[in-house]
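First comes the structure, then the notes that go with it.
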Amino acid sequence: MSMDTDNRIMTLNDICCRAVSEHLDVLGTTAVLNLPKELLKDLLPHLDVCQLDELQPGLNLKGISTFSKWWKFYQLLTSRLNTRATEQDVKEAVMGRILEMVINELYIPPIFVKHMNNPNVLLPAARSIKHFQLHCEPKTRIDLIAGQTPVLHVLEKTVTRLSLWIDKSVLRQKEKSLMYIIHRLMQHGVTKHLILRTNDHDILSKVLFEGGCLSKLHRENICNEEEALTDARFQMYPYILCTQNIQTCTGCPNRFIEHLELEDCSPKILNQLTKILPSCSCLTALTLSSRSPIPVSDMLDFTKALEQLFQCSDASLSHLSIDPMSCPALPSFLLNAYPRLTELNVQFGNFFMEELPFANNTSQLSLERLSIKVYGRVTSPDFLLSMLKRCPRLVTLHLEGVHLPAHSQKDILTTLSESNGRLTSLHLKNMDLSNCFHQMLTVLRVCKLEELRLHSCHLLVQQSNKEEALRQLVDALKAVPCLRKLMLPENYFAHDVRVLAELFTGPTPSSVEYLDLRHNLIVPSYMLRFAEVLTTHPPPHRLTLDLTYNQGDNGNEWNAVVDKLRPFCQRVAYDWEFSNIMSDLIR
C-alpha cells in the first residue's frame, strides 16, 4: 500500500498516473494526449510545472481546463490571491514568478526546486511573462538572462513592463550585463513601461538614455561625437556609458519608453530627472513616489522643467502622478505649467502642509481624470474648488480623505453639479457627507454617471428617517439611465439593505450590473429580505453582487440566501476574513 504526499492512500489509478508523469519525456506528449479524457483529468494533479506548460494547449483542445493545477502552483508561490483571474492569468503569474525567483535567487518552494537547473524551464517562463522584475542585488544572477540569448530574445517579444531595483553598491560588478538586458528589452523589445527604484542618480540617466528619453537632435548629437566616449564626456553625459555595455549589438531600432515610474524617489533622483525632463518628449505618463514628502522647492524646480517640456511641439505627456506632496497649491502649479495634462493623480501625506499662494488662473484645462488622496488635514477647499471649476471636460473624479467642514463639503458637491456635468465616474472615500444628502441627489440628477462609489461617506447619518432617505437615494439612482457600477461599502446599511433591492422595481428599473455592499453589517436575515424583492423584481441584467466582509456565522442561513440569489446574481470571490461561507457566494 502506498501513500501520496497528502497522506492519502494511493489507488491503482494514482500509481499509474504518477508513472506516466515520471516517464512523460519517454512516452511523448502525443501519446499522453491520446489517453481518454477522464484519465487526462486524473493525470493533472501529478504533473509538474514544465509538464503542465507542455501539455496545456492539447488539454485545452480536449476541453480540459488546467486552471485548478495552475492555481495550486500559484498558491505555493505567493500569498496574494486574485480569485477573479483566468487560467492564462494564473499561468503567466506562476511562470513569471518562477523566472524572477531563479534570476533574483529568492526562496523557492521545494516542489519547484528540481526544475531550477532545467534549462527548459526558463524559455516557457519567459514566453509567459509580461511584467519582468529584475533586482540588482549581490545574489542576483543577471548573467542567466544576459548570457541566455534565446531567453532574452523571447523576453524581447513578451515583456511590456520592466521593474528594476538597482542597488548602487553592487551596480559596478553587474553593470555590463544589466545595461545589456535593459538595452535589449527597451531598444529591441516591446517594453514601454519602466518602473525604476534606485539609490544611484547616475543610473537614472543611463536607463533613460536606453529608453529614448532624450530629444532626437540631442541624442543624435551625442551619439555622433566620437569624443563622447572619453572619460571627460562621461562626466558631462553619464548616460552615454550605456553604449559601452551593448556587447555586439547593431542595428538598434531607436525605440522609446512611454511610461516611467520612479519608486522611492529621493531628492537626488528627482533633481536628476528635473535636468532631463525637458528632453523626455516621448513620455506619455510619469509617476513619482517617495517615502517622505517631496520638498516644495524641489517640486517648484520640477514644475519649471515641466513647463519647458510643454514648450516642445512633440511633447506627449498626458498622465502625471505624484505621491506624496506637501502643499495643496502645487497641483494647480503643475496644471498651469503643463495645461495639456489629461490625467493627474496626487496624494498628500499625514504631515505638516506648507502653504503657497494660489496662482490666479481661471483658464480652462484639458484634464479628464483627477484623483486626490489626502492622509492629513486640509484647512481649505480652495485648491480643489479652483481646479474643479477649470475642468469642464472632467469625466473621472476620485477624492479620498478630504476632511473639511460641512459647508466646504457641500461646496465641493455643488461645484460638481455646476462645473463638471460630464462626469461619468465618481469615487468618494472616507469623506463625511452626512450634511450633504441633498447636494448628492443634485449631482445624481446633473451628471450622467456610469460608475458611483461612496465608500465610508456616512451619507445617511444625519437623516432622521434613514429608510426613507435611502429610498430617495434609490429613486435618484434609478433615474441615472447609464449607471452600471454602484459601490457602497462601509455605509452600515444593515437591515435597510432591503431598500436597495428597490433599484430594480417599478417601470424604470436600474441598469446597475455590479453592486458592492461590503462591510455593511449585513446578516443573513437582512439579506434574505433583499433576495425576496429580487425574486419578484429580478434585475434586467445578471447582477454581480459583492457581500464579503459582512456578518453571520450560521451557514444554513447563508445557504438560504445563496439559493434565493443564485438565479439573479453571480459570485464575487474576494478574500474572506469571517468564519461564514460567504466566500462561496452566488454562482
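Assorted remarks:
- Conditions (1) open to solvent by 40 Å² or more (accessible area, probe 1.4 Å); (2) touching an Asp or Glu at 6+ places or on another chain (Cβ under 7 Å); (3) closer than 20 Å to C327 by Cβ; number of the one not met by R369: (3)
- Residue that is most open to solvent (accessible area, probe 1.4 Å), among those in the stretch 514-533 that are on the phi < 0 side of the Ramachandran plot and in contact with a Pro (Cβ under 8 Å, 6 or more places away or on another chain): R518
- Residue satisfying all of: in the stretch 268-302; in a helix (DSSP H, G or I) and closer than 18 Å to I372 by Cα; modelled with the lowest pLDDT among these: V296
- Residues of the stretch 445-468 satisfying the condition of being closer than 19 Å to M487 by Cβ, buried (at least 16 other Cβ atoms within 10 Å of the Cβ) and over 28 Å from the mean Cα position of the chain (by Cα): L459, L460
- For F504: the one exception among (1) open to solvent by 30 Å² or more (accessible area, probe 1.4 Å); (2) modelled with pLDDT of 95 or more; (3) aromatic (F, W, Y): (1)
- Among the residues of the stretch 444-474, those that are of a type outside the set (K, R) and within 26 Å of G376 (Cα to Cα) comprise L452, L454, H455, S456, C457, H458, L459, L460, V461, Q462.
- Which numbered condition V374 misses (of (1) on the phi < 0 side of the Ramachandran plot; (2) open to solvent by 40 Å² or more (accessible area, probe 1.4 Å)): (2)
- Residue check, G251 over 22 Å from L99 (Cα atoms), modelled with pLDDT under 85, small (G, A, S) and open to solvent by less than 40 Å² (accessible area, probe 1.4 Å): no
- Filter result for L341 (touching a Cys at 6+ places or on another chain (Cβ under 7 Å), in a loop (DSSP other than H, G, I, E, B), open to solvent by less than 10 Å² (accessible area, probe 1.4 Å) and of a type in the set (A, V, I, L, M)): no
- D496 being in contact (Cβ under 8 Å) with a residue 40 or more places away in the chain, of a type in the set (D, E, K, R) and either closer than 20 Å to H537 by Cβ or open to solvent by less than 20 Å² (accessible area, probe 1.4 Å) (or both): no
- Residues that are open to solvent by 10 Å² or more (accessible area, probe 1.4 Å), outside any helix (DSSP H, G or I) and of a type outside the set (D, E, K, R), drawn from the stretch 167-194: H188, V190, H193
- Taking residues in the stretch 18-47 that are closer than 16 Å to F67 by Cα, and partners anywhere that are surrounded by 15 or more Cβ atoms within 10 Å (Cβ to Cβ) and of a type in the set (F, W, Y), not one pair has Cβ atoms closer than 7 Å while being at least 6 places apart or on different chains.
To keep it simple, each residue is scored yes or no on (1) under 20 Å from C265 (Cβ atoms); (2) under 27 Å from the mean Cα position of the chain (by Cα); (3) at pLDDT below 90.
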{"residue": "T140", "(1), (2), (3)": "no, yes, yes"}
{"residue": "D143", "(1), (2), (3)": "no, no, yes"}
{"residue": "P150", "(1), (2), (3)": "no, no, yes"}
{"residue": "V154", "(1), (2), (3)": "no, yes, yes"}
{"residue": "L162", "(1), (2), (3)": "yes, yes, no"}
{"residue": "D167", "(1), (2), (3)": "yes, yes, yes"}
{"residue": "R172", "(1), (2), (3)": "no, no, yes"}
{"residue": "K176", "(1), (2), (3)": "no, no, yes"}
{"residue": "Y180", "(1), (2), (3)": "no, no, yes"}
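- Residue count for the stretch 275-284, restricted to those that are farther than 15 Å from T303 by Cβ and without any contact (Cβ under 8 Å) to a residue 40 or more places away in the chain: 1
The values are calculated or read from the model by the stated rules, or taken from the named source; none is laboratory data. Because the structure is predicted, anything quoted here is derived from the model rather than measured. Counting neighbours? That spans all protein chains shown, and the Cβs are built from the backbone with ideal geometry, glycine included. The protein model used for the area step is the full one, side chains on, heavy atoms only, and it has no ligands, DNA or RNA in it. Shrake-Rupley method; radii C 1.70, N 1.55, O 1.52, S 1.80 Å.
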